[in-house]
Amino acid sequence: MDQPLPTRRATIALTGLALVAFAGNSLLCRQALGHTGTDPASFTAIRLMSGALVLALLVHRPGRPVLRHGDALSALALFAYAACFSYAYLGLSAGTGALLLFGAVQATMLGVGLARGTRWSALQAMGLALALAGLVGLLLPGLSAPAPLPAALMLLAGVAWGIYSLRGRGVPDPTAATAGNFVRAVPLALLACVPALPWLAVDAAGVGYAVLSGAVTSGLGYAVWYAALRGLSPQAAGSGQLAVPVITALAGLVVLDEAISLRLMLGSLAVLGGIALTLPWSRRTPA
């Protein structure tokens, strides 16, 4: 039997919690890799294992194995996102990383839509151009530009997450599919630790941040987001995620004592404003 749609208040509350969780992933990763002795490969493996455990417990049903859901290609995209995300945060602030990540996510999804024949208005095309200009401006060489390799890795993480999101659209049970994909991604993360064996290092604080990132802001955060999606229109869901880089930058300022540069502010306005223009702002059709 289908569950009833959440009320407006419940949808707003769930959406807010999910967006804070998404921002929390950036803050926890940046804190772990910048202020503890834990390395990126170990952080990624612990994060995915923690998320897999929590999601598997959430969707567990007798006689219904977790691996009945999800698929290998989606798991590969999930692993690529998590690994690139971790290594990128060795050299990025939380706010810059989140902006690059979600800019690349939206650009990937929009690009796939264009390739599949989606028709755009002139305003939407201008929005895409503005968003791309903002990303280019953020990445141009200069005193406040992010380091090229970490920035490239975060863009790759965004592309991988965009692919993962596209592959997950329309699945009958997104939470179960995510659980299956997390479980499949764990062996990939452990395998990635093998070439990094000489540099592997963990400490209690780093493990704690990785567990929080995997179990809470990833595992539970994704479950909350999927619950919120049932009460959101596609355009509301897309525009809501634009708040994540802003939340992350402000939280990074308060929690991690990170500075917000003029370049980041202007790049954020261009990227987020441009993406907002690409969204279909038509009214939702009544059910």
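Points worth noting:
- By the beta-carbon count within 10 Å of each Cβ, the least crowded to most crowded order of S261, S42, fewest first, is S261, S42.
- Legend: ranking of residues I247, I12 from fewest to most surrounding C-beta atoms inside 10 Å; resulting order I12, I247.
- Residue-averaged [θ]222 nm for the chain, counting only DSSP H segments that reach four residues, each worth -39500 (n - 2.57): -23500 deg cm²/dmol
- Site pair A259 and V171 shows an inter-label distance of 4.3 nm when each label is modelled 7 Å from Cα along Cα→Cβ.
- Sequence-separation-based contact order of the chain, relative, with Cα cut under 8 Å and 6+ spacing, percent: 42 percent
- Rounded FRET efficiency, nearest 0.05, which uses the C-beta distance separating L250 from L73 and R0 of 30 Å: 0.25
- Under a 5 Å amide H cut-off, with hydrogens placed 1.01 Å from N, A147 pairs with nothing among residues at least 5 apart or on other chains.
- Tensor-based shape of segment 51-189 (alpha-carbon gyration tensor, a/c under 1.5 rounded, otherwise prolate or oblate): oblate
- Here the simple spin-label model places points 7 Å from the Cα toward Cβ, and for L58 and A10 these points are separated by 1.6 nm.
- Size of the chain: Rg and Dmax of its alpha carbons, in Å, are 18.5, 58.
Since every read-out is calculated from the coordinates, none of them should be taken as a lab result. The structure displayed is predicted, hence computed values, not measured ones. Cβ: placed from backbone, ideal geometry, glycine included. Neighbour counts: every protein chain shown.
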